[in-house]
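The values are calculated or read from the model by the stated rules, or taken from the named source; none is laboratory data. Values in this document were obtained by computation on a predicted structure and should not be read as measured data. Here Cβ is always computed from backbone atoms with ideal geometry, including for glycine, and neighbour counts include all displayed protein chains.
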């Protein structure tokens with residue numbers, strides 16, 4: 001039996017941790033320390049050479065710890081374990097999902113560069129792209145899930161900045177409409193505009209699926225990004241982010257993280273390790289619940305449309321069906337739906353929920369509902385939102401692990417009051 005060939009869910013409790021280094025403790029302790037002691041000055045010199053990229057680590061060389069802004073046992077073990085799901089070479093943990101996204105964009109974009117991104121994306125990402133990056137003279141082009149490869153390439157060429165394209169950032173499924181983007185298509189666009197002098201990179205925000213249901217790196221992405229607050233953390237009790245990719249690219253990401261100082265704290269790393277032990281069982285239950293709830297919503301007379309990945313195989317167009325078939329192993333646990341009656345009806349529904357809580361996060365053990373138009377995507381211009389089907393009718397539902405009939409019962413009684 002080969003330990004390293006076991007499934008990730010089997011390795012989540014033990015991988016990367018040596019009990020003998022921690023007084024035999026079964027679980028990794030919280031290393032709540034700012035700095036670490038070197039055995040010798042030469043050892044300290046060697047650690048810094050590698051940490052600052054002045055030298056490469058030798059094969060089999062085990063390097064020690066320096067300072068918790070650079071490395072910490074809780075974060076390193078967590079990063080090693082998170083790599084297992086996506087089969088990534090390396091991982092960096094951040095203090096939030098937005099810090100992970102912003103660090104990637106700041107590292108791979110320079111003033112004058114062009115960013116291509118899918119729409120819709122999370123509201124915070126949209127704000128960073130359209131407000132913050134503009135301060136650095138970084139322009140962007142958005143494309144919709146309906147755009148073809150050819151039309152996207154034409155948009156880039158017509159911008160007059162095709163030679164400045166440096167990063168493609170996509171979110172699939174899209175938040176909050178569950179629209180799908182073809183990762184392999186985006187990888188082909190990346191290749192189209194890459195040259196021997198300049199490589200274009202592709203990052204994928206995989207928060208909506210978590211590391212269980214989609215693996216962007218195997219479809220041509222260079223980096224996969226998570227708000228680890230969501231499914232990875234899964235209990236709505238921490239804030240964190242993660243970026244995964246090759247050793248080469250992650251050295252760049254970790255380098256900027258070191259100097260921005262936006263790595264997660266040891267206690268957050270410890271809590272994420274705890275959460276990852278149950279990631280598979282939690283998400284499987286959430287996905288199972290979501291399929292039952294989506295069926296109920298689809299058949300309710302006060303609902304005009306349901307946005308749920310599980311309906312794509314029978315209702316989607318050929319393009320969406322093909323993307324779903326090759327990219328996803330589950331329909332996930334995120335559902336959005338249009339309620340008849342606009343904002344008034346949507347607010348009445350949300351205010352009438354009892355079991356489901358009115359809150360804007362997702363991926364936790366509890367079911368949550370929110371109104372994207374006025375909440376998570378409030379900063380996006382109304383005309384842009386409406387084009388992306390983010391209307392006053394839209395409600396986003398993150399399905400938890402409660403008994404599905406109880407969730408449905410709560411939805412039903414709230415709809416009865418609309």
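Only residues that are surrounded by fewer than 19 Cβ atoms within 10 Å (Cβ to Cβ) and either part of a loop (DSSP other than H, G, I, E, B) or touching a helix residue (DSSP H, G or I) at 6+ places or on another chain (Cβ under 7 Å) (or both) were counted across region 47-68, and they come to 15.
Rundown of residues vs (1) out of contact with any helix residue (DSSP H, G or I) (no Cβ under 7 Å at 6 or more places or on another chain); (2) in the same structural domain as residue 200 (by TED's automatic domain parsing); (3) assigned to a loop (DSSP other than H, G, I, E, B), yes/no style:
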position: 78; (1), (2), (3): no, yes, no
position: 83; (1), (2), (3): yes, yes, no
position: 88; (1), (2), (3): no, yes, yes
position: 91; (1), (2), (3): no, yes, no
position: 98; (1), (2), (3): no, yes, no
position: 106; (1), (2), (3): no, yes, no
position: 110; (1), (2), (3): yes, yes, yes
position: 115; (1), (2), (3): no, yes, no
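For the criterion of being without any contact (Cβ under 8 Å) to a residue 60 or more places away in the chain and not assigned by TED's automatic domain parsing to the domain that holds residue 180, residue 393 fails. Highlighted here are the helices (runs of 4 or more DSSP H) found entirely within region 240-346 that include at least 2 residues which are under 19 Å from the mean Cα position of the chain (by Cα) and within 24 Å of residue 371 (Cα to Cα): 279-298. None of 294, 290 is within 30 Å of residue 338 (Cβ to Cβ), touching a strand residue (DSSP E or B) at 6+ places or on another chain (Cβ under 9 Å) and without any contact (Cβ under 8 Å) to a residue 60 or more places away in the chain except 294. What pairs come out if I take residues in region 336-363 that are within 23 Å of residue 97 (Cβ to Cβ) and pair them with residues that are part of a helix (DSSP H, G or I) whose C-beta lies under 7 Å away, six or more apart or interchain? As it stands, the answer is 356/407; 356/410; 358/350; 363/210, since those pairs meet every condition given.
The rows are residues; the columns are (1) in contact with a helix residue (DSSP H, G or I) (Cβ under 8 Å, 6 or more places away or on another chain); (2) under 28 Å from residue 35 (Cβ atoms).
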{"residue": "70", "(1), (2)": "yes, yes"}
{"residue": "94", "(1), (2)": "yes, yes"}
{"residue": "101", "(1), (2)": "yes, no"}
{"residue": "154", "(1), (2)": "no, no"}
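I'm trying to understand the selection: among the residues of region 377-418, which are at pLDDT below 95, surrounded by fewer than 14 Cβ atoms within 10 Å (Cβ to Cβ) and assigned to a loop (DSSP other than H, G, I, E, B)? Selection gives 378, 379, 381. Scanning region 11-28 for residues that are within 22 Å of residue 67 (Cβ to Cβ) and surrounded by 13 or more Cβ atoms within 10 Å (Cβ to Cβ) yields a total of 4. Residue 45 falls short on exactly one of the conditions (1) closer than 28 Å to residue 238 by Cβ; (2) modelled with pLDDT under 95, and that condition is (1).
Evaluation of residue 340 against the conditions (1) closer than 23 Å to residue 230 by Cβ; (2) touching a strand residue (DSSP E or B) at 6+ places or on another chain (Cβ under 6 Å) shows that the sole unmet condition is (1).
For residue 374, all conditions in the list (1) at pLDDT 95 or above; (2) farther than 22 Å from residue 214 by Cβ; (3) not in a loop (DSSP other than H, G, I, E, B) hold save one; what is the number of the exception? Tallying (1) at pLDDT 95 or above; (2) farther than 22 Å from residue 214 by Cβ; (3) not in a loop (DSSP other than H, G, I, E, B), residue 374 fails exactly one: (3). All of 220, 255 fail the test of being farther than 16 Å from residue 100 by Cβ and surrounded by fewer than 24 Cβ atoms within 10 Å (Cβ to Cβ), apart from 220.
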